[in-house]
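Here the structure comes first, spelled out in structure tokens, and everything after it is commentary.
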Amino acid sequence: MAASRPLVSVYNEKGQSTGNSVVLPAVFRAPIRTDIVNFVHDQMRRNKRQARAVSDKAGEQTSAESWGTGRAVARIPRVRGGGTHRSGQGAFGNMCRGGRMYAPLKVWRKWHRKINLKQRRYALVSAIAASGVPSLVLAKGHSIETVPEIPLVLSDKIQDLKKTKEAVGVLRKIGAWSDILKVYASKHTRAGKGKMRNRRTVMKRGPVIIYDKDNGVKKAFRNIPGVSLLSVERLNLLRLAPGGHVGRFVIWTESAFKKLDALYGTWSKKSQLKVDFNLPQPIMTNSDLGRLLKAFEIQSVLRAPIKRQARRKVKKNPLKNISLMSRLNPYAAVQKRRTLLQQLKGRRTGTTAESKIAARKERTHASLKTKRLSGVNLVKKTKKQQIGATTTTTTTATKTTVSTKSS
Amino acid sequence: MQHDDVIWSVLNGQFCSYKQQKSKTQIFCSNEYNLTGLCDRRSCPLANSQYATVREEKGILYLYMKVVERSHYPKKQWEKIKLHENYIRALKQINEHLIYWPRFIRHKCKQRLTKLTQYIIRTRRLIRERRHEEKAFVAANIDRAIENELLERLKKGTYGDTYTFPVNAISMDEEDEEVESDEDEEEKEKEQESEEEIEYVEDFDESDAEDMEDMGDDMSDEEELIKSIPSSKKRSLEIEYEPAVEIPVRGAERAGIIYCYATRDSVADDWHVDKLEFKGSSQSQRFLFYDRALRRTSSSTEKLE
């Protein structure tokens, strides 16, 4: 809330600035919480609803009874009697023609909503604050390009207007007429059944005139399409944020504008007209994030940005990965080459173990081959057979020795 | 609070009437002061209290600038500076006025200036070319040239027997020709007319579309009569014939084309069907089954049957 409170000039009914100016009320510096506005608006909108329901008796005015099983028909209750189409038809179910609907609507549905006072006030305060930001009013869709100042404050003479013609004149002079023209242009027939329910035409919302004392303002302005009228003491969120979106074009009268400080308080002073209310505290006192991040106070405390982050390395096995091995042990390459060369040499000369085995194999193959060719009996004597020949002799020898011992 | 970030969070998150999301990838901004045309944190004229654009009005380029100090006075918000006609000088002007401004805005303003100057050059060229064209067109007198060309072709006889216009009544022919070229729709209407008029022909007993063979025998006499008249005499006899409308028909026995000839006395008058001829798809000859001159009228006693 360190934000400054500038002076807002007051304009007369001819659109010229009178000498007077008013200090901007603190409400206009309140935090703009569109989420709260949306929620509260949504809840408030339900409060104007009228109960509707389906007749209790609808679909129940039959004495239908189910035929049960065994009659080759579905088991829904069927209308009794005869002599008419209706007899034997299904009744009662929501799926039946002429039956009661599923969950018949009841009047005791909760139509209205209670909203916390604080929330309501918060939303209203946000909506008022948003009406003081020209960008938000433009974004809402109002054409305020010809308006001299936002927030627009007119002298109290407006409150004494009696004729609509004069009211139109005022709007023209202050540059608000283009918004009204937009309203005229937006008039069209409603889509849907509302047409036949006395809600035939739909149009845009124009400016809202907020006054302090009604000496005829209401009657003067009320016939102009799009214009809404509100008393400062009884501000309506549904009019300040129509559709749940903030930023309606507001035209204040001087005394209404001056009353805002008393109504909503400034942070240093509580509200005088509302019981125990002060403006909500914003979460950030300075919400210009871009500026903050560039400010020296913050930048000096930050560490340097990490432009290139080191990521986890996949471990590679040097025994399998030649390049990694040579990086770790440059001599390994030399060693490897040397052994390779030796192996190659050994293969030719027969000195390495492998080559010896290979040479032996060759020799046995060669000898077997010659034996086959020469016709020698090549039945293989297994080792077991060989052992068997020797063991038989040994057993007889032992037997004799045992007998002598016993006798 | 009037902070740009707050405003942007409201516009981006909640509602902005200038936001146009026509495609899934791009969001556009329909605000007339937008530099790039996109709905963007940097391009939003509402969410940037210090902003500038280049806009074109009636072929003149202006630099519009907006500053924080004037943000609460919508009427005086935009400072309008006329840019020089010379492109390079205009660039210098932009550099001068936006000297300590954010680079993005300066750059985009210059880009926009370039595009707009190109656009202005192009429109000027188009207007000039169009004017030249119009003048040339007027000078060429195309209509008359076409008329003369067509008449010459008639005289030479390139159209042969299809158009039998009396060589004398040239002006009438021209009218009719124009009418023909314009109204193809009327010919379609004629089609419907002629189909209705087939019913008339039942009086004749000679015009059943189904019994074509019989009819053929009956009508062949008349056909021959008409054909026997030497071509030169045909011309002098002359009633103005319009070119035939061909109507494809299909019946139980066979299919074919009905040729309809019609005339009218003037442009405002109705078409009168003069002749209806049928030619089966497999046949070579046309059979006349309705002739206006031969129809029975209650008052007259002229029966040419």
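Rule-based calculations on the coordinates, nothing more; no lab input. The structure displayed is predicted, hence computed values, not measured ones. All Cβ positions, glycine included, derive from the backbone under ideal geometry; neighbour counts span all protein chains shown.
Annotations for the structure displayed:
- Here the alpha carbons of the stretch B:83-148 define both size measures, Rg and Dmax, at 21.1, 71 Å.
- Split chain A at each of the chymotrypsin sites (Phe, Trp or Tyr not before Pro) in a DSSP loop with at most 14 other beta carbon atoms within 10 Å, and the longest piece is A:112-266.
- Counted by neighbouring Cβ atoms within 10 Å, the residues B:SER43, A:SER268 run from fewest to most as A:SER268, B:SER43.
- Each Cα pair of the stretch A:93-150 feeds into the Kirkwood radius, which the Stokes-Einstein equation turns, at 25 °C and 0.890 mPa s, into a diffusion coefficient of 151 µm²/s.
- Taking amide H atoms as placed 1.01 Å from N in the peptide plane, the amide H of A:LEU154 lies under 5 Å from those of A:TYR11, A:TRP252, A:THR253, A:GLU254, each 5 or more residues away in sequence or on another chain.
- Amide H within-cut-off set for B:ARG42, under 5 Å, with H built and near neighbours excluded: none
- Charge dipole (the stretch B:4-118, unit charges on Cβ, about Cα centre) - positive-most of B:ASN31, B:GLN20, B:GLN118: B:GLN118
- The GluC sites (Glu not before Pro) of the stretch A:231-297 include none that meets both conditions, a loop assignment by DSSP and at most 10 other Cβ atoms within 10 Å of the site Cβ.
- Debye log10 I(q)/I(0) for chain A, one point scatterer per Cα, at q = 0.15 Å⁻¹: -1.37
- Vicinal HN-Hα couplings computed from phi for the stretch B:20-30 (Karplus, 6.51 cos²θ - 1.76 cosθ + 1.60; Hz; Gly/Pro x): 10, 10, 8, 10, 6, 9, 10, 10, 9, 10, 8
- Residues A:SER367, A:SER326 arranged by fewest to most Cβ contacts within 10 Å: A:SER367, A:SER326
- Separation in nanometres of the label points that stand 7 Å from Cα toward Cβ, at A:ASP214 and A:TRP67: 6.7
- Whole-angstrom gap from the stretch A:298-319 to the stretch B:1-75, using each part's C-alpha centre: 40
- For the stretch A:40-53, Karplus couplings with θ = phi - 60° (6.51, -1.76, 1.60), whole Hz, Gly/Pro x: 5, 4, 4, 5, 5, 4, 6, 6, 8, 6, 10, 4, 9, 7
- Phi-based couplings in Hz for the stretch A:195-210 (Karplus 6.51, -1.76, 1.60; Gly and Pro marked x): 3, 9, 10, 6, 10, 5, 9, 10, 8, 5, 9, x, x, 10, 9, 10
- Amide H contacts of A:VAL208: A:SER228, A:PHE249, A:VAL250, A:ILE251, each under 5 Å away and 5 or more positions distant or on a separate chain (H built 1.01 Å from N in the peptide plane; Pro and chain starts excluded).
- Check: the stretch A:51-110 dipole with +1 on Lys, Arg Cβ and -1 on Asp, Glu Cβ, in debye: 200
- Residues A:VAL37, A:VAL107 in ascending order of nearby Cβ atoms (within 10 Å, fewest first): A:VAL107, A:VAL37.
- By the Kirkwood approach, averaging reciprocal distances over each pair of separate Cα atoms, the stretch B:4-118 gets a hydrodynamic radius of 14.8 Å.
- Loop-resident GluC sites (Glu not before Pro) (DSSP state other than H, G, I, E or B) in the stretch B:66-133 with no more than 13 further Cβ atoms inside 10 Å of their Cβ: B:GLU85.
- Pairs from the table (A:LYS187/B:LYS58; B:LYS19/B:LYS80; A:LYS213/B:LYS76; B:LYS135/B:LYS155; A:LYS114/A:LYS219) lying more than 29 angstrom apart at Cα are A:LYS187/B:LYS58; A:LYS213/B:LYS76; B:LYS135/B:LYS155; A:LYS114/A:LYS219.
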